[in-house]
Every structure is written in structure tokens, then in C-alpha cells.
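Reviewing the structure listed below.
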Amino acid sequence: MSVRQKKVASLIRETLGEIFLEKIRNPELGLITITNVDITADLKIAKIYISVYPKDKREDALNKIEETKGMIRMELAHKINLRTTPELIFFIDDTYDYIEKIDKIFENIKNDNQKK
């Protein structure tokens with residue numbers, strides 16, 4: 001990823017965080033966090049990774065975001081100064097699920113070793 005891509009991705013991440021705080025504040029959706037933004041070399045497509053807490057609200061949150069994607073992109077266009085505002089594609093970031101799974105495995109190994 002080039003320096004320009006990194007700067008634009010960081011700007012998009014920060015700005016989307018503000019938009020989510022201001023515009024998509026819905027307690028029914030849980031806590032939504034922008035965890036990562038990957039942007040294509042031509043800056044036309046941005047992959048946005050979100051984390052939702054609690055886990056059981058992930059689908060609802062992603063559906064709500066998809067419903068309001070046009071408004072989110074319009075707000076982003078108003079707040080950042082780019083020639084074209086990238087298309088936004090949202091994904092659930094399940095990195096923390098893997099971390100929890102690995103932690104449980106290590107905990108089980110530790111408990112098994114202590115029993116022996």
C-alpha cells in the first residue's frame with residue numbers, strides 16, 4: 001500500500017468514525033467501531049471493516065449500514081476533500097473472534113497441563 005493510500009485510508013477511517021458517532025447513533029445496534037480501511041490503488045473502492053459489540057447485533061448493524069450507505073458516502077464526501085469519493089463496501093471484522101478462540105485453546109492447554 002502506498003503512502004497516499006495509507007493517508008487516505010486513515011482519513012476515511014477517522015471521518016467514518018465521526019459520521020457513525022453523529023449520524024448512526026442507535027443503541028439497538030450496539031457499539032460499532034471502524035477497525036480497518038483498505039483502499040484500492042486508484043482510490044475508487046474502500047473496504048471498511050467494522051466491529052460490533054455485542055456479537056449478536058452484527059447482522060442488524062451491517063444491514064442498517066447497508067441501508068444507509070448512500071447517506072454515509074454523501075457525508076464522507078462533504079467532510080473529506082477528494083476528487084471522487086470511494087465506493088464503500090462494509091465487512092464484519094472477525095479478528096477478535098479468532099483471538100478469543102486462540103485464547104480459549106491456550107487456556108484449555110494450560111488447564112490440562114495443571115491437571116497433570
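The values are calculated or read from the model by the stated rules, or taken from the named source; none is laboratory data. As the structure is a prediction and not an experimental result, all values here were calculated from the model. Quick reminder, even Gly has a Cβ in these numbers, built from the backbone with ideal geometry, and neighbours come from all protein chains shown.
Mind checking which pairs have a first residue in region 62-91 that is in a strand (DSSP E or B) and a second that is surrounded by 15 or more Cβ atoms within 10 Å (Cβ to Cβ) and acidic (Asp, Glu), Cβ under 6 Å, 6 or more apart or different chains?
none
Filter region 41-57 for residues that are modelled with pLDDT of 90 or more and not small (Gly, Ala, Ser); which is farthest from residue 93 (Cα to Cα)?
Among them, the one singled out is 42.
Quick check on region 19-50: of everything there that is assigned to a helix (DSSP H, G or I) and out of contact with any Asp or Glu (no Cβ under 9 Å at 6 or more places or on another chain), which residue is surrounded by the fewest Cβ atoms within 10 Å (Cβ to Cβ)?
Across region 19-50, the extreme among qualifying residues is 27.
Select from region 5-18 the residues that are closer than 17 Å to residue 87 by Cα and either in contact (Cβ under 8 Å) with a residue 24 or more places away in the chain or in a strand (DSSP E or B) (or both) and list them in ascending order.
Matches in region 5-18: 5, 8, 9, 10, 11, 12, 13, 15, 16.
For the condition out of contact with any helix residue (DSSP H, G or I) (no Cβ under 8 Å at 6 or more places or on another chain), under 28 Å from residue 1 (Cβ atoms) and not aromatic (Phe, Trp, Tyr), what is the one hit in 32, 12, 102?
From the options 32, 12, 102, the qualifying one is 102.
Identify all residues within region 92-116 that are farther than 22 Å from residue 39 by Cα and outside any helix (DSSP H, G or I); write none if there are none.
Scanning region 92-116 gives a single hit, 116.
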